[in-house]
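Step one of this worksheet: look at the structure below.
The values are calculated or read from the model by the stated rules, or taken from the named source; none is laboratory data. Keep in mind it's a predicted model, so treat the numbers as computed, not measured. All Cβ positions, glycine included, derive from the backbone under ideal geometry; neighbour counts span all protein chains shown. For the accessible areas, the whole protein counts, side chains as well, though only heavy atoms, and no ligand, DNA or RNA atoms are used. Shrake-Rupley method; radii C 1.70, N 1.55, O 1.52, S 1.80 Å.
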Amino acid sequence: MHNLTPLRTTVLAAAAVLAIPGTAAAAPASPTPVSPLRPVASLAAERLATADLVAAAKWGTDSPIDDPAREQQVLDNVAAQARQIGADPDEVRRIFRDQIEANKVVQRGLYAEWTAHPDQAPTTRPDLNVVRQTINRINTDLVQSLADTTPQRTTPACRPELALAVVEVHHEKHPDLLHTGALVRSLISVCRN
């Protein structure tokens, strides 16, 4: 069995989920390349980091991970923001559906970890309203970033550029396997082709 480094694991995961043939061989040898889609990947990673706080706020309460009413509110808000700046609201809604699902992947992963190891469960509960304010700010920035990168997201180079962006963000933020997999999941609808 091969011993995979975290970077190689990230590249392979991004290549597999984003279906980019040969991406692992195209991994950058140095940090000099910067993907034009890095802001999108970075904001998606920042949004995913809030999943830890959401999970901690809900842990031990009757608040479920799935919250269709809140999810619909988020989707309606980002679609309205997209319309206001001339972006495609249906596309933004589709991308944010992936963001929401990826966030729930992290929450479920944390719940499983905390159930298996109760000593690692949170002992304090963040204020979910405060966390949602952070999520709303990130959502606004992400909608703008998606609008700004529309030309890059419509080209055949989008998937390789997105994989590079995931690698760059992984190198910068050093997420664990749960968050790395969720990051890849959060980006599957970013490219139009």
*Which of the residues spanning segment 43-57 are under 18 Å from the mean Cα position of the chain (by Cα) and either open to solvent by 60 Å² or more (accessible area, probe 1.4 Å) or not β-branched (Val, Ile, Thr) (or both)?*
LEU43, ALA44, ALA45, GLU46, ARG47, LEU48, ALA49, ALA51, ASP52, LEU53, ALA55
*Considering each residue of segment 76-87, count those that are on the phi < 0 side of the Ramachandran plot and touching a residue at least 40 places away in the same chain (Cβ under 8 Å), and give that number.*
6
*asked:* Looking for something within 20 Å of GLN73 (Cβ to Cβ), of a type in the set (Asp, Glu) and either modelled with pLDDT of 95 or more or open to solvent by 40 Å² or more (accessible area, probe 1.4 Å) (or both) - is there at least one such residue anywhere in segment 89-97?
replied: yes
*Report yes if HIS174 is at positive phi and at pLDDT below 95, otherwise no.*
yes
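Output the residues belonging to segment 148-180 that are surrounded by fewer than 17 Cβ atoms within 10 Å (Cβ to Cβ) and over 19 Å from ALA102 (Cα atoms).
Once the filter is applied, which keeps residues that are surrounded by fewer than 17 Cβ atoms within 10 Å (Cβ to Cβ) and over 19 Å from ALA102 (Cα atoms), segment 148-180 yields ASP148, THR150, PRO151, THR154, THR155, PRO156, ALA157, HIS171, GLU172.
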*asked:* Out of VAL167, VAL106, I need the residue that is in contact (Cβ under 8 Å) with a residue 40 or more places away in the chain and touching a Pro at 6+ places or on another chain (Cβ under 7 Å). Which one?
replied: VAL167
*Considering residues of segment 58-85 that are among the acidic types (Asp, Glu) and open to solvent by 50 Å² or more (accessible area, probe 1.4 Å) only, the residue farthest from ASN139 (Cα to Cα)*: ASP62
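Could you tell me how many of the residues in segment 146-166 are over 17 Å from GLU91 (Cα atoms) and of a type outside the set (Asp, Glu)? Full working, then the answer.
Keep residues of segment 146-166 that are over 17 Å from GLU91 (Cα atoms), which gives 156-157, 160-161, 163-166.
Restricting the remaining residues to those that are of a type outside the set (Asp, Glu) gives 156-157, 160, 163-166.
Residues in segment 146-166 being over 17 Å from GLU91 (Cα atoms) and of a type outside the set (Asp, Glu): 7 in total.
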*Could you list all residues from segment 103-144 that are in a loop (DSSP other than H, G, I, E, B) and within 14 Å of GLU46 (Cα to Cα)?*
none
